[in-house]
1. Can you check how the C-alpha radius of gyration of segment 71-143 compares to 2.2 N^0.38 Å, as a plain ratio?
2. At what distance in angstrom do the alpha carbon centres of segment 107-141 and segment 150-185 lie from each other?
3. Obtain the radius of gyration and the Kirkwood radius of segment 6-99 from its C-alpha atoms and give Rg over Rh.
4. Can you pull the semi-axes for the chain, root of five times each eigenvalue of the Cα gyration tensor, sorted largest first, whole Å?
5. Tell me whether segment 30-76 comes out rounded, prolate or oblate; compute the Cα gyration tensor, take square roots of the eigenvalues as a ≥ b ≥ c, and use a/c under 1.5 as the rounded threshold.
6. For the chain, what are the DSSP H helices with axial Cα length of 20 Å or more and mean Kyte-Doolittle hydropathy of at least 0.5?
7. Largest first and in whole Å, what are the equivalent-ellipsoid semi-axes of segment 46-110 based on the Cα gyration tensor, each being the root of 5 times an eigenvalue?
8. Let me cross-check D172: its accessible surface, 1.4 Å probe, with only protein heavy atoms counted, in Å² to the nearest 10?
Amino acid sequence: MPRPLTVALTGGIAAGKSEALDAFARQGAATASSDEFVHTLLAEDKGVRGAIRDRWGEDAVGDRKRIGEIVFRDPAELEWLEQLLHPRTRTLANAWLRQVDRPLAVIEIPLLFETGAETRFDKIVVITAPRELREERRGPFGDREARLLPDQEKVRRADFSYVNDGSLSDLDAFVVGVVDKLSSS
């Protein structure tokens, strides 16, 4: 089975990454989300669940809301959780990529650049949107983006970028264009 062209999809909070991922799926790409890999780890991985139990207690095991309350108020706890999850997430993503049987595989990775994962992919797509619009979509996210690479830098490093401030049809048209370019190269 030939190796698929691998694409990382990234962008800021509530920029529209999941909608873009759905658009890639509609274009025939195999798609996956690192957030879904994380959810699987939190729900099913005995090592992850045991480490969380040891660190934060039984009430945090499998409770994403409780874990969020802990890590988003304490950067050291967020760092600990990321060190626990990122290697396992990468392992799940690699296993998923090995079984893809389509010419194009797209993985949504919110922290692509922040984790140094960009070198693992053939192409990078960045979805951005103005902060006001993103907060309208998600609600205020305070300083959660302070540790993230600014959108301008993500766009500079990307092969494709899109400002997602229009309709879903506009986003779909962007994705169709990306798939066409990738298919013809």
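1. So the Cα radius of gyration is 1.36 times the expected 2.2 N^0.38 Å.
2. When both Cα centres are located, 12 Å separates them.
3. Checking Rg against Rh, the ratio lands at 1.01.
4. 29, 21, 14
5. oblate
6. Helices passing the filter in the chain: 168-184.
7. 28, 13, 10
8. Counting only protein heavy atoms, the figure is 50 Å².
The values are calculated or read from the model by the stated rules, or taken from the named source; none is laboratory data. Source: prediction; values computed, not measured. Please note: Cβ atoms are built from the backbone with ideal geometry, for glycine as well, and neighbour counts cover all protein chains shown. Note: accessible area is taken over every heavy atom of the protein model, side chains too, but ligands, DNA and RNA are not part of it. Shrake-Rupley method; radii C 1.70, N 1.55, O 1.52, S 1.80 Å.
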